[in-house]
Amino acid sequence: MTAAIDTVSDALATPDATQPWRELGLKEDEYQLIRRILGRRPTGAELAMYSVMWSEHCSYKSSKKHIIEQFGGKTTERMKQHLMVGIGENAGVVDIGGGWAVTFKIESHNHPSFVEPYQGAATGVGGIVRDIIAMGARPVAVMDQLRFGAIDHPDTPRVVHGVVAGVGGYGNCLGLPNVCGETVFDPSYQGNPLVNAGCIGVMRHEDIHLANATGLGNKIIMFGARTGGDGIGGASVLASVTFEEGGPSKRPSVQVGDPFQEKILIECCLELFKAGVVEGISDFGAAGLSCATSELAASGDGGMYIDLDKVLLRDPTLTPEEILMSESQERMMAVVVPDKVQAFAEIADKWAIEYSVLGEVVEGGRLLIDYRGQRVVDVDPKTVAKQSPVYDRPYQRPDWQDGLQADTPDKLERPGDGAGLCAALLAILGSPNGCSKAWVTNQYDRFVQGNTALAMPDDAGVIRVDEATGLGIAIATDGSGRYTKLDPYTGGQLAVAEAYRNVAAAGATPWAVTDCLNFGSPESPGSMWQLVQGMTGLADACQTLGIPVTGGNVSLYNETGEPGHIDSAIHPTPVAGILGVIEDVADAVPAGWHEPGLSLFLLGRTRDELGGSAWADVAHHHLGGLPPAVDLAHEQALAAVMIEAARDGIAHATHDLSEGGLAVALAEGALRFGYGARIRLDELCARDGLDPFTELFSETQARALVAVARADEAALRDLATAHGVPALRIGTTGDHDSAAHPAVIAVEDQFELPLAQAKTVWEQVLPSHFAA
Amino acid sequence: MIRIGVVTFPGTLDDRDALRAIRLAGAEGVALWHGDPSLHGVDAVMLPGGFSYGDYLRAGAIARFAPVMAAVIDQAKVGMPVLGVCNGFQVLTESHLLPGAMIKNNHRTFICREQQLSVENTATAWTGAFKPGERITIPLKNQDGQFVASERTLDQLEAEGRVVFRYQGWNPNGSRRDIAGVTNEAGNVVGLMPHPEHAVEKGFGPDSEAGPRTGIDGLRFFTSVIAQLTKEGALK
């Protein structure tokens, strides 16, 4: 950009001036479209706005068509029963009863977290929390879904340390308990980690606010942190290209977060809402002022006038284009009726928040922006915020897909005796993905706010909403890149199925879904096929289960390899976050037992399903075949049994079977509180027609392990029968582990594994790599 | 009813939890604002945890100069019970109401865990309901929790019985002599890193032998001070 201001008059006077549209990430036809929309060339400021708002990251131009078809088209009226705000707003809102509403969302911050792991992850948390605040809610919990490269790769510690400290550093400083998440290591995420951050907020029904600029003459007030040079171009550059050495000089620049500023911003916004001072509040996410002004104006009933000279700057040398693109964190924009500006100022002053009246809602439907007294933007805001190009990208099943699916785990050597089974279990417990994640989760505050009824390593996080009644919510997030790589459609369904099962295992009724879709380049037909398949599977599963998708996020270009190969991109990773409702959080069920002599039941039936399994990965570094089959009717029946067993106070512990199957579920249930377990497999093997190895390590879905008192065995059997879920008593829980009475994980006729040994192996993995 | 004030600084996080704990213990919690120099007639004050002023400069260093702190310091010096938890403890050391200082954990990461403590002094305003030497479990969560002081100060604290809590099982931050909490000479001002307000309600506290999340050892910090203030009130 030149130092001279490029005004609308200049644009008219110099129609043929060369513009850096390519450097800003626009394609030739997109630039020509902007010229057609405006009837002239854009000014520098307008070009900046269109380029960020039309980036993949902001506009969803490659996925929009499919989002509308899949999530829009498949949400039935019945599914909308509890839906108060759906897809398209900052975050979806659902009614959970008692006059309470819950808003929740997950967003990716993948590329910034590779460039600068601490700040990338921290600002990922900050951004999603501001989305929740903008809805009028008090944030009550955060969560994080993390995918890193190989645990022993030399670059992995840099990313792990930064990301974990960043998620913790920001969330802890906001006073938000971190209650749910995943940490996965896989070489496919080398150079392209996934950092998905989620937030849940709670409000009364009447407190829901939408970000619309309505009411002629209403003031537009920007408040929070000052605007600096951070993240300029971040939205379009970081989200639109891969990091190629020696490539074009689209240098990514990362934003720096200040959680203290955000904490006082939260309290200030809540007080502004409570005092009825604001009509609406919008956050500043990607694309900064460009996004906030164009989205607010596009959602309103008029136009908007903004004086850029009124923006409070941290760096006075910023050009108007840079001010519009800056992604400085911890900023918000409010729409305020003129006679309430004074009241707004008093509340902002109380919290020592800086603010500036930038402009107002005007007639005419245009977004008008002046700088130094000259007009630099005159656009229809809808063309910026809502009418970006929509692409129907070609997609095609990759050539390698058939070969991958044909490479089944059947030929892999399986352990043949008890010692081999025990070694296989220990190997998974000591693997990067089967081990305890306490080294990560212990860096997060799970107690703050005093409402956490369950958190990691339980199957779902459970938070009390209403202190008087105990009404609460549960949240679980899941997604398997390995399963999705084998079959993206099934992978999308499996993400939903597992999160659904986890919420129900905790005792909550699944209520609504948010998703975060992490895929490769939409310009690669194979990656695009994975996206369409994964999204379709996810949407179909939600439709069958009758739970609405309330919002989501799509992160594309997660691709670092040469295009067109089996390993070009990350494992396609659709993450489903499922919100559940529990009438009384006192009924929430942990994932492990804390008493000896309880009866252990396996709910569900097992098949030989080892494609994409933890065992195949750990024992043979194998990924091939098909993922476990999905049976959503069985998932629903299983969920009903688990929820009713929790509500009736029968279930002492419920743990879903997922990666590592029964063997790992049994070990995790025992390790949760340090009580052993003894099971036998003969009846199970006879019923399912399988050998002990398959019963222990198969990853068949719709199964769970439940611990009940002997006196409640009949009640559990009755529940299972009523819902048509196979239930078999397979053993009992054992003693608490102590030096005098060492506990064991025992499988009769196969092996006895000292719990202390399992614990050591399970706990040492992450500290041995990262706590040196 | 006994009234216990809870101060909110910009960046305070556990103020609402502290007010809930005080209510559950049977007293009235009174929200106090950092910028308001009045204590509004409360009988005791709690400085809760969080990151006041974003821990800028040093944890607690800026909060110590808040208008409300002048009143807290004055009242503490004439015997008002004051409890500082985590960041509140840091504010108390910065205010010189308590000796020592907190530096970054020796392992340099934030840590959240259910921490076992021994109660070493039951004569303070906030520990009368405990038995000497009793083991209790209180959640701990901090980044800058390593208690340090000169050897002379540490010896003096030990000699005068002013170490109130010691970490048991494992020292989570490298604190000198496993010290988790200390008191002033008069025993009315107590500071500690673990969070008693997070162990006051069954279902939401640390695990205990009675089952997951059943630990409520933190409640007795508040019943202790309520009992002492009630007794003093009766004597007056």
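Please treat every number below as a calculation from the coordinates, not as lab data. It should be emphasised that the depicted structure is a prediction, and the values quoted were computed from it without experimental measurement. Don't worry about glycine lacking a Cβ; one is built from the backbone with ideal geometry, like all the others, and counts go over all protein chains shown.
Hey, what number do you get for chain A at 222 nm if only DSSP H runs of n ≥ 4 count, each worth -39500 (n - 2.57), divided across all residues, to the nearest 500?
The per-residue figure over chain A is -10500 deg cm²/dmol.
What's the FRET efficiency of A:VAL115 with B:LEU235 using the Cβ-Cβ distance as r and R₀ = 41 Å, to the nearest 0.05?
Calculated transfer efficiency: 0.05.
Please list, in order, the residues from the range A:743-760 whose amide nitrogen is less than 18 Å from a point placed 7 Å along the Cα→Cβ vector of A:ARG680.
The answer is A:745-753.
What FRET efficiency, computed as 1/(1 + (r/R0)^6) with R0 = 30 Å and r the Cβ-Cβ distance, is obtained for A:GLN405 and A:ASP749, rounded to the nearest 0.05?
0.30
Got the relative contact order for the range A:374-475 handy, in percent, Cα pairs under 8 Å and 6 or more residues apart?
About 10 percent, as a whole number.
Taking H as built 1.01 Å from N, whose amide H comes closer than 5 Å to the amide H of A:ALA677, not counting residues under 5 places away?
Placed amide hydrogens put A:GLY734, A:VAL744, A:ILE745, A:ALA746 under 5 Å from A:ALA677.
Can you list residues from other chains, or at least 5 along the same chain, whose modelled amide H is less than 5 Å from the amide H of A:HIS622?
A:ASP617
Does a label point 7 Å from the Cα of A:GLU467, set along Cα-to-beta-carbon, have any residues of the range B:16-46 with amide nitrogen under 16 Å, and which are they?
Those under the cut-off are B:16-32.
How many angstrom separate the Cα center of the range B:94-145 from the Cα center of the range A:76-96?
45 Å
If you add up the charges near A:SER738, with Lys and Arg at +1 and Asp and Glu at -1, over every other residue whose beta carbon is less than 14 angstrom from its beta carbon, what do you get? Provide the component values of the computation, followed by the final result.
On the way: positive: A:LYS759; negative: A:ASP735, A:ASP737, B:GLU209.
Neighbour charge sum, excluding A:SER738 itself: -2.
Under 17 Å from a point placed 7 Å out from the Cα of A:SER738 along the Cα-to-Cβ direction: which residues of the range A:669-691 have their backbone N that close?
A:673-677
Around A:VAL140, which amide H atoms from residues at least 5 apart in sequence, or from another chain, sit under 5 Å from its own amide H, with H modelled in the peptide plane?
Residues meeting the amide H criterion: A:ILE200, A:GLY201, A:VAL202.
What distance in nm separates the simple spin-label points at B:LYS131 and A:ARG36, each placed 7 Å from Cα in the Cβ direction?
For the pair B:LYS131/A:ARG36, the computed spacing is 8.4 nm.
Among the chymotrypsin sites (Phe, Trp or Tyr not before Pro) in the range B:141-236, which ones are in a DSSP loop with at most 16 other Cβ atoms within 10 Å of the Cβ? Mind listing them? It would help to have the intermediate numbers written out before the result.
Working: sites: B:PHE147, B:PHE165, B:TYR167, B:TRP170, B:PHE204, B:PHE221, B:PHE222; in loops: B:TRP170, B:PHE204.
Qualifying residues, ordered by number: B:TRP170.
Taking a ≥ b ≥ c as the square roots of the Cα gyration tensor eigenvalues, with a/c under 1.5 meaning rounded and otherwise prolate when a/b beats b/c, else oblate, which class fits the range B:3-235?
Taking the square roots of the gyration eigenvalues as a ≥ b ≥ c, the range B:3-235 is rounded.
Can you tell me which lysines have their Cα less than 28 Å from the Cα of A:LYS27? Leave out same-chain residues fewer than eight positions away.
Answer for A:LYS27, where 28 Å is the Cα cut-off: A:LYS61, A:LYS64, A:LYS65, A:LYS250, A:LYS382, A:LYS386, listed by chain and number.
What nm value, rounded to one decimal, do you get for the distance between B:TRP170 and A:ALA352 when each label is placed 7 Å out toward the C-beta?
3.6 nm
Evaluate E = 1/(1 + (r/R0)^6) for A:ARG687 and A:GLU69, where r is the Cβ-Cβ distance and R0 equals 41 Å; express this FRET efficiency to the nearest 0.05.
Result of the calculation: an efficiency of 0.45.
Given labels modelled 7 Å from the Cα in the Cβ direction, how far is it in nm from B:HIS96 to B:GLU158?
Going by the 7 Å Cα→Cβ label model, 2.6 nm.
Can you count the Lys pairs in the range B:3-235 with C-alpha separation below 29 Å, eight or more apart or on different chains?
Summing the qualifying lysine pairs gives 10.
Provide the gained length on full extension for the span A:LYS27 to A:GLU595, in nm with one decimal, where the gain is 0.36 nm per separating residue minus the Cα-Cα distance.
Full extension from A:LYS27 to A:GLU595 adds 198.1 nm.
Give, as a single signed number, the net charge of other residues whose beta carbon lies under 15 Å from the beta carbon of A:VAL336, with Lys and Arg counted +1 and Asp and Glu -1.
-2
With both bridge residues required to lie in the range B:3-235, what share of the DSSP beta bridges run antiparallel, to the nearest 5%?
60 percent
Is the range A:598-682 rounded, prolate or oblate when judged by the Cα gyration tensor, a ≥ b ≥ c being the square roots of its eigenvalues, rounded requiring a/c under 1.5 and prolate requiring a/b larger than b/c?
Judged from the Cα gyration tensor, the range A:598-682 comes out oblate (a/c at least 1.5, b/c at or above a/b).
When a/c reaches 1.5 or more, the comparison of a/b and b/c decides; with that in mind, is the protein assembly as shown rounded, prolate or oblate per its Cα gyration tensor?
In terms of gyration-tensor shape, oblate.
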